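Written out below as C-alpha cells is the structure these notes cover.
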Amino acid sequence: MATELVMARVAASLDVPVLRVQEKNFYKAGQKTPYGQTLEDMTSFEHVWARLKELVRWDEKEEEVRAYNSQHRWRKRGVSLQPVKYGMGRAGIHASASVHIYQEDGSVL
C-alpha cells in the first residue's frame, strides 16, 4: 500500500498515468526478489500483462474516464488495474496455485 502511494505521487508529479509508473517498476529478468530468488524469465509475465490490458480494453476505458472527468466538476470516475506479485509455497516446490472464485457470478480466476 505504501509503495502504491509513492507511485501515485510520482505519477502525479510527472503528469503520467499511475499504471505507466507501475509498469516501469515491474521486475525484469535477472533481478532478485527480496527473498533471493533470481527471476530468469519474465517474458510470459509481460505477455500476460499486455494481453490482459487488451482483453479488458484498458486504453479505451482509461479514455472514457478521462473524458467523463473533464466534463464533470464534482462527480468523478476512476478505473484501476493492479499488478500484484507474491510468493507461493517454498523454494524447490513447483506445485503452488492460487484460485479465486468470485461470489457475484461464480467466475473463476
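Every read-out reported here was derived from the displayed coordinates using simple, explicitly stated rules and does not represent laboratory data. Given the structure is predicted, the values throughout are model-derived calculations rather than measurements. Here the Cβ positions follow ideal geometry from the backbone for every residue, glycine too, while neighbour counts run over all protein chains shown.
Could you list 86, 68 so that the one with the fewest beta carbons within 10 Å of its beta carbon is first and the one with the most is last?
Numbers: 86 5, 68 13.
Listing 86, 68 from fewest to most nearby Cβ atoms yields 86, 68.
Sorted fewest first by neighbouring Cβ atoms within 10 angstrom, 62, 104 come out as 104, 62. Computing Rg and the Kirkwood Rh from the Cα coordinates of the chain gives a ratio, Rg/Rh, of 1.02. Taking the longest Cα principal axis of the chain as reference, the axis of helix 2-14 is set at about 50 degrees. Ranking 11, 80, 56 by Cα position along the charge dipole of the chain, where only Lys, Arg, Asp and Glu carry charges on their C-beta atoms, puts 11 farthest toward the positive end.
Return the loop-located chymotrypsin sites (Phe, Trp or Tyr not before Pro) in region 1-45 (DSSP other than H, G, I, E, B) with at most 11 other Cβ atoms within 10 Å of their own Cβ; answer none if there are none. Working shown, then result.
Values: sites: 26, 27, 35, 45; in loops: 26, 27, 35.
Counting only loop positions with at most 11 other Cβ atoms within 10 Å, the chymotrypsin sites (Phe, Trp or Tyr not before Pro) in region 1-45 are 35.
Rounded to the nearest whole Hz, the Karplus-based 3J(HN,Hα) values (6.51 cos²θ - 1.76 cosθ + 1.60, θ = phi - 60°) of region 51-68 follow the sequence 5, 4, 4, 5, 4, 8, 6, 4, 4, 5, 5, 4, 5, 4, 5, 4, 4, 4, with x at glycine and proline.
How big is the gap, in Å, between the Cα center of region 45-59 and the Cα center of region 1-22? Region 45-59 and region 1-22 have Cα centres separated by 19 Å.
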